Amino acid sequence: MNGDRGKNVICLIAMAVVVLLAILMQQTEAESWVHYVAYALSITAFVSLSFLMRKHLSDRPGSQVLSQLGEQADPLLAWEQELEQQKEAMGLLARQLDQRHARLSQKLIAYHEWSEFPPPVDLEDGLQAAITRGDLPTAESLSELAEKDRQTIELLEQEAKRVFENILQNKYSIEGELQIQLLRNEALGIAEAVARLYQPEAKFPLMETSAEQIMFAASRVCLQTLVVMDELPLNVKQMNIQNLYGYVSKAVKAYGVYKKAKPMLDYASGAVYAGRFALGANPVATGAMWLLQNVGKKAASNIAGKYFNEQAMGLLSNVIHAIGFEAAQIYGGDFRHRDANWIYGVELVETVNHFQFDRDSLIAALEELGTLKLRSEYDRVFLYRCVAVSKSPDARRYRASAILSQEQKQAIYLRIGEYLKTHYDGFDAERVEAWRARLQKHLGLKEFRTS
């Protein structure tokens, strides 16, 4: 034990002995003045020992103990000083480690985010050179994948209908209790059905997937679901699974038949689909005052109830499609970017970066990117970053001419044209026309004229 602790123990023992002697003195038959003297000595000894306990044995200039120890006290003092310095050094090191951990965590998040972005492809020597190197798929395989993508969308629409019917018939609940294992089996079944579209020869496609791919896919499904939940009028994120299922089930029963709910369950595969609220605006919040002022309470309640049910159907559809899309991304290659909405977003970013944009045109472009229904939220972040640093997303690599239908190509061309007309009317006409020609070439549109 160290010196101060040993000294305190000795003082406590001495104080106990003094108290004991005082008690024994009281039991003896002696004259009164003897008792008084004994009590006074006991109190003096008690106070002195208490004062001594508050004194440090070492590190006290002029301490009698140190004077008596002489040179032998030097190692003790040096040891205590060294311990104090080590304590300060350890505290500093701990703070540095905390700061380093925070920086590494931020870097890890950034690395994860960048790993979700489209990997760079060297197109310096042209598309054909990249295809020959194997960096990009051939036109034939790309067309086959695009056809399987369309089959995937159709399959997921069918799955949405089947799940809707199962919820309507209360197949996922027994005696009011949600059966989580049934939902798990549904998710696995949807993922496996999509996987077999791309790899029909695989006996157990899910078993042939690496743990890393599964974990990343699960994280993206969770992100997509959270984004959808964040836009709902109710605080759905805070609901437990049972209550969340009840929220969706109530909406399903409100529609009663799939035909009525189909418009909310269908995944729009057109060129442009405003599937998210621009800048986080909530129609219920922005329209609440209008409802109260212009319609009766009953009508307002019916409108709000209809809206809640629509959003619940949207949540159900998005969860089903998120699971299917991640399976398609794993087994079908670059599924996320064989999409009309993605091509439109890329071409819009190329347009914004090509022309000198002002505040209004930039805000309009960002709002447009915010409303696109993309297959991954990481793709939206990537497009935002490209706008922020004026970086080209390189539309050539996605070969819209091979994966889009004629209708989708025309829709993208017209939408970009509308953006140019709105924000660059009066700009250099030749430059705008040259950009239109470039866009038409990228999309593979031939002899297309706008009215």
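Read-outs: derived from the displayed coordinates by stated rules, not from any lab. Bear in mind that the values here come from a model prediction, so they are computed numbers and not experimental data. Cβ atoms come from the backbone with ideal geometry, glycine included; neighbour counts cover every protein chain shown.
Only residues that are in a loop (DSSP other than H, G, I, E, B), charged (D, E, K, R) and surrounded by 21 or more Cβ atoms within 10 Å (Cβ to Cβ): list them for the stretch 363-416, please. Step through it out loud before you land on a result.
From the stretch 363-416, those in a loop (DSSP other than H, G, I, E, B) are 373-376, 389-394, 399, 404-405; that's our starting set.
Those left that are additionally charged (D, E, K, R): 373, 375, 391, 394, 399.
Hits for the stretch 363-416 are Arg375, Arg399.
Quick grid of which residues meet (1) surrounded by 15 or more Cβ atoms within 10 Å (Cβ to Cβ); (2) over 25 Å from the mean Cα position of the chain (by Cα):
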{"site": "Tyr198", "(1), (2)": "yes, yes"}
{"site": "Ala202", "(1), (2)": "yes, yes"}
{"site": "Thr209", "(1), (2)": "yes, no"}
{"site": "Glu212", "(1), (2)": "no, no"}
{"site": "Ala217", "(1), (2)": "yes, no"}
{"site": "Leu226", "(1), (2)": "no, no"}
{"site": "Tyr247", "(1), (2)": "yes, no"}
{"site": "Lys253", "(1), (2)": "no, yes"}
{"site": "Gly256", "(1), (2)": "no, yes"}
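Please give the number of the condition Tyr198 fails out of (1) closer than 28 Å to Ala402 by Cα; (2) free of Cβ contacts under 8 Å to residues at least 24 places away in the same chain.
(2)
Name the residue that is farthest from Asn243 (Cα to Cα), counting only residues in the stretch 178-210 that are charged (D, E, K, R) and in contact with a helix residue (DSSP H, G or I) (Cβ under 8 Å, 6 or more places away or on another chain).
Of everything passing the filter in the stretch 178-210, Arg196 is farthest from Asn243 (Cα to Cα).
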